[in-house]
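Before any comments, here is the structure.
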Amino acid sequence: MTTRQKASRPNLSRWPGVLAGLSIVLLIVAAMMMAGSGPAYRGEHISLSEAFILLRNGVYAAGAAVALSLVALLVSAIKRRSTPAVIATLVIFSAAALLYVPWQHWQRAQSLPAIHDITTDMQNPPAFEALASARQAAPNALAYPGEETARQQQAAYPAIKPLILKATPPAVLAAAQAEAEEAGWRIARISDDHIEATATTPWFGFEDDVVIRLTEREDAVQVDMRSASRIGASDVGTNAARIQAFLDELKARLN
């Protein structure tokens, strides 16, 4: 074989490193798209649909990084190159960790009903008053959705029930206000038996409205609560988790 023929042959020994390098680039791009989709929407730089497209494309990029890393591993084994193999392995594990959160979110979405308005009292849900205008301007309705939502909530979240506390109404109100403030909710109104506030989700910045109602019973106070998303057909369990966590913390605070 002549020197010219040898020079014209592709240098296959470079391919493991090239493939491993490309997989790193894809992983970085995937991380930037997935991590940036929420803050970009929250900062009003892109629309919600664009944020979801960015997130989905980030998932595709992470999947491509895994596929490319597997090829890099195979070529590295054939060419007996250890460094690209190590890099490819790290990319695979990193991409798997990156994909875990959206995968878990998708799994929860498949197992939970597509509802977004949760309450401890499905027959007479606490009403939004101070936040009525904000909810009327939002895509989701101001009024509680009704019997079908109640049926789905009961099946999915049977533990969401009123809380009965052996305490005075002022003590319960003060504790509830303290819990709402510690949670970082934006309080819209506080009266003797009523608190309204808005909670903001950390990543996308979705606004969910909360109302807490106190009803005096014999030697006790009944605490009812409602948490409803302003946007989206499904909250993927967020509102139910918020109510349960708040009532548990309120009970612990007073006990």
Could you list all residues from the stretch 69-98 that are open to solvent by 40 Å² or more (accessible area, probe 1.4 Å) and within 12 Å of Leu22 (Cβ to Cβ)?
Val71, Ile87
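Looking for whichever is more than 24 Å from Asn140 (Cβ to Cβ), open to solvent by less than 40 Å² (accessible area, probe 1.4 Å) and either touching a Gly at 6+ places or on another chain (Cβ under 8 Å) or assigned to a strand (DSSP E or B) (or both) here; the options are Leu214, Leu173, Leu250. Which one fits?
None of the other options fit; the residue is Leu214.
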Between Arg151, Arg226, Arg242, which is closer than 30 Å to Ser111 by Cβ, open to solvent by 30 Å² or more (accessible area, probe 1.4 Å), touching a Ser or Thr at 6+ places or on another chain (Cβ under 7 Å) and not aliphatic (A, V, I, L, M)?
Arg242
Could you grab the pairs with beta carbons closer than 7 Å, sequence gap of 6+ or different chains, first residue in the stretch 141-159 and farther than 17 Å from Ala228 by Cβ, second one of a type outside the set (Ser, Thr, Tyr)?
Ala159/Gln244
The residue from Ser133, Ser111 that alone is surrounded by fewer than 18 Cβ atoms within 10 Å (Cβ to Cβ), modelled with pLDDT of 90 or more, under 23 Å from Phe206 (Cβ atoms) and of a type in the set (Ser, Thr, Tyr) is Ser133
Could you go through the stretch 184-201 and let me know if any residue there is open to solvent by 60 Å² or more (accessible area, probe 1.4 Å) and free of Cβ contacts under 8 Å to residues at least 12 places away in the same chain.
no
Kindly indicate whether any position in the stretch 37-50 is outside any helix (DSSP H, G or I), without any contact (Cβ under 8 Å) to a residue 12 or more places away in the chain and touching a helix residue (DSSP H, G or I) at 6+ places or on another chain (Cβ under 6 Å).
yes
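The values are calculated or read from the model by the stated rules, or taken from the named source; none is laboratory data. Note that the coordinates shown come from a computational prediction; the quantities given were computed from them, not determined experimentally. Positions of Cβ are backbone-derived with ideal geometry, glycine not excepted, and every protein chain shown enters the neighbour counts. When the accessible area is computed, the model is the full protein with side chains, heavy atoms only, and any ligands, DNA or RNA have been set aside. Shrake-Rupley method; radii C 1.70, N 1.55, O 1.52, S 1.80 Å.
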